[in-house]
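Okay, so here's the structure we're looking at.
The values are calculated or read from the model by the stated rules, or taken from the named source; none is laboratory data. Bear in mind the structure is a predicted one, so any value in this text is a computation, not a measurement. Note that each Cβ is placed from the backbone with ideal geometry, even for glycine, and that neighbours are counted across all protein chains shown.
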Amino acid sequence: MIHQIPAGTRDVLPDEMRELRAIEGRLRAAFADAGYGEVWTPTVEYEDVLAAGGGGGPAAFRMFDDQGQVLALRADMTVPIARVVATRFAGSDGPLRLCYSAHAYRAVGQRTGQQREFLQTGIELIGLAGAAGEAEVVALAVEALGAAGLARHRVGVGDGGLYRRLLAALEVPDDSHGELLACLTRRDLVALELRVEALGLAADARDLLVELPQLRGGPEVLDRGVGPAGDALDRLRELHGELEARGIADRAIFDLGLVRDLGYYTGAVFELYDPAVGFALGGGGRYDELIGRFGSPRPACGIALDVQRVHIAQTAEEQQR
Amino acid sequence: MNATGLTIAVPRGALMGGTLDLLDRLGVDTAEVRANDRKLLFEEAGIVTVRPSDVPTYVEHGAADIGVTGKDVLLESPEREVYELLDLGYGRCDMVVARRSGDDAIGESLRRLGRARIATKYTRIAGAHFAATGRQVELVAVKGAVELAPLTGMVDGIVDLTATGRTLAENGLEVVESIVTCTARLIANPVAHKLKAAEIDAVVGALREVAR
């Protein structure tokens, strides 16, 4: 008789484990060397505490404890760390640099290959607003992936709130925002174009809404006039300058259509890619309002890397060499 | 690698001819693909030929950068993480509800039994359609020759894709509702969409010209 384990979970045996630990170790060492202190938070938390962080909707896995309290498995590490910062570091000001390497849990679709339990290694930079903070985490993530054995990785950089703000500024009726953003999130640009056409906007507003998700590439992308959302592009230009100063601007792909499905991002968002694999290795962004939901507000941004995906990319790069 | 610099998943079957014609106009040499019905991988031309329903799978996993498949396939596998870039216009078919001509088996079952039995290959599209129209149905998943199911009395009606309606008519079925019109779509891998932006935009631009 074969005793099964739940779909989306896995056993890791010694050969793989050795390689996973090696990659995880190199990522953690890169973060530690940059002055990021590692933290540990409980795998289970009170459901209402995690829910206060918003983010990815209701927790996928919930249970009752012996007191009848509802506990939930964390869906990422950013929300627990926001809670830690607001409670354990309530009195501190000045930048706070934290890193972690821990499992998180999400619901999966029916298709195979998605993980319910996944190991994330990442960083959170608290108290450093704007492009300076974003450039630091992007540069460190790029460096850490290099240390983990990747050579050809790139980072997508966008603004998670750009499209939403554009819809408001162009006076698109509120009741159609949800539908348009849903098209963008599920990457259905055909439906997006049809729905934008149906709004009956002026030609330049219509073209902007249709073209924006396709605007991606080098810094020249930031020169496209986006009318009322120009301030977002000013911030991305500033970030480009910071990345140039750090010598990694050529790793960045500016992507005005980039959206992340976690709800707490307020500005810049990132996604990490490697040409050897067809999926993102991790991502992150700026979440200036999240910590305020647990205490006094502080600007913050971070990036999480999926260790298993980094491993797959590293072996794929190795085979292509 | 071909003229586009991309690996392309081409659907076998009804959409294949139209897709290869489009690729010809992009400067891709499709002669070998046309001449060789059994071969699946054409490295020289940068083409893989797969079942239409497998195109999103190959593209999602990055085995192909872009691909062509029907909207029906995309609606039936919404969890696939691929970009839908362009409506190519050809391969036009309607997803319809059909029943045996002359009697209202679906309505009769709904009235007397509280639910209708519907056979289909497209259980997600069919399920969503009946849920959205407030009717309870029992979906019977079949793999092919869906037209047979209502004739044997196994089901009250079917949901299926039809181009001309001729196969339905020849089997004594009639269309009673149209759910959605499906055409061929250009899809792309999300990472290729970022890392090969120029190549993909060149294909989209050229196809927008010829598809109109």
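Which residues, counting only those in segment B:158-176, are farther than 30 Å from B:Thr57 by Cα and in contact with a helix residue (DSSP H, G or I) (Cβ under 8 Å, 6 or more places away or on another chain)?
B:Asn171, B:Gly172, B:Leu173, B:Glu174, B:Val175, B:Val176
Would it be correct to say that A:Asp174 is touching a Leu at 6+ places or on another chain (Cβ under 9 Å), charged (D, E, K, R) and assigned by TED's automatic domain parsing to the domain that holds A:Glu124?
No, not satisfied.
A:Leu167 fails exactly one of the following numbered conditions: (1) surrounded by 19 or more Cβ atoms within 10 Å (Cβ to Cβ); (2) closer than 18 Å to A:Gly283 by Cα; (3) of a type in the set (A, V, I, L, M, F, W, C). What is the number of that condition?
(2)
If you go through segment A:147-164 one residue at a time, how many are at pLDDT 90 or above, crowded, with 20+ Cβ neighbours inside 10 Å and assigned to a loop (DSSP other than H, G, I, E, B)?
The qualifying residues number 3.
Among the residues of segment B:29-37, are any farther than 23 Å from B:Glu84 by Cβ, of a type in the set (Gly, Ala, Ser), more than 14 Å from every other protein chain (Cβ to nearest Cβ) and not in a loop (DSSP other than H, G, I, E, B)?
The answer is yes; a qualifying residue exists.
Taking segment B:152-174 as the region of interest, how many residues are more than 14 Å from B:Ile118 (Cβ to Cβ) and aliphatic (A, V, I, L, M)?
Result for segment B:152-174: 4.
Within segment A:26-50, restricting attention to residues that are closer than 12 Å to A:Asp76 by Cα and aliphatic (A, V, I, L, M), which residue is farthest from the chain's Cα centre (by Cα)?
Of everything passing the filter in segment A:26-50, A:Val44 is farthest from the chain's Cα centre (by Cα).
For segment A:105-116, indicate whether the set of residues that are at pLDDT 95 or above and either among the aliphatic types (A, V, I, L, M) or more than 30 Å from A:Arg321 (Cβ to Cβ) (or both) is non-empty.
Filtering segment A:105-116 down to residues at pLDDT 95 or above leaves none.
Checked against the condition, which is being at pLDDT 95 or above and either among the aliphatic types (A, V, I, L, M) or more than 30 Å from A:Arg321 (Cβ to Cβ) (or both), segment A:105-116 yields no hits at all.
Could you check, for segment A:127-145, whether at least one of its residues is surrounded by 22 or more Cβ atoms within 10 Å (Cβ to Cβ), more than 14 Å from chain B (Cβ to nearest Cβ) and farther than 23 Å from A:Ala249 by Cβ?
no
Hey, any hits in segment B:94-101 for a residue that's out of contact with any Phe, Trp or Tyr (no Cβ under 9 Å at 6 or more places or on another chain), buried (at least 20 other Cβ atoms within 10 Å of the Cβ), modelled with pLDDT of 95 or more and small (Gly, Ala, Ser)?
Yes, there is a match, as at least one residue in segment B:94-101 is out of contact with any Phe, Trp or Tyr (no Cβ under 9 Å at 6 or more places or on another chain), buried (at least 20 other Cβ atoms within 10 Å of the Cβ), modelled with pLDDT of 95 or more and small (Gly, Ala, Ser).
What number of residues within segment A:137-174 are within 30 Å of A:Ala22 (Cα to Cα) and without any contact (Cβ under 8 Å) to a residue 24 or more places away in the chain?
Count: 1.
From B:Leu22, B:Leu40, grab the single residue that is surrounded by fewer than 16 Cβ atoms within 10 Å (Cβ to Cβ) and either touching a Cys at 6+ places or on another chain (Cβ under 8 Å) or aliphatic (A, V, I, L, M) (or both).
B:Leu40
Over 11 Å from the mean Cα position of the chain (by Cα), away from chain B (no Cβ under 14 Å) and assigned to a strand (DSSP E or B) - does that describe any residue in segment A:294-305?
Yes; the residues of segment A:294-305 include at least one that is over 11 Å from the mean Cα position of the chain (by Cα), away from chain B (no Cβ under 14 Å) and assigned to a strand (DSSP E or B).
Kindly provide the set of residues from segment B:178-212 that are more than 9 Å from every other protein chain (Cβ to nearest Cβ), of a type in the set (Gly, Ala, Ser) and without any contact (Cβ under 8 Å) to a residue 60 or more places away in the chain, ordered by number.
Once the filter is applied, which keeps residues that are more than 9 Å from every other protein chain (Cβ to nearest Cβ), of a type in the set (Gly, Ala, Ser) and without any contact (Cβ under 8 Å) to a residue 60 or more places away in the chain, segment B:178-212 yields only B:Gly205.
Can you list the helices (runs of 4 or more DSSP H) lying wholly within segment A:1-116 that have 3 or more residues being in contact (Cβ under 8 Å) with a residue 12 or more places away in the chain and over 23 Å from A:Thr266 (Cα atoms)?
Hits in segment A:1-116: A:14-33.
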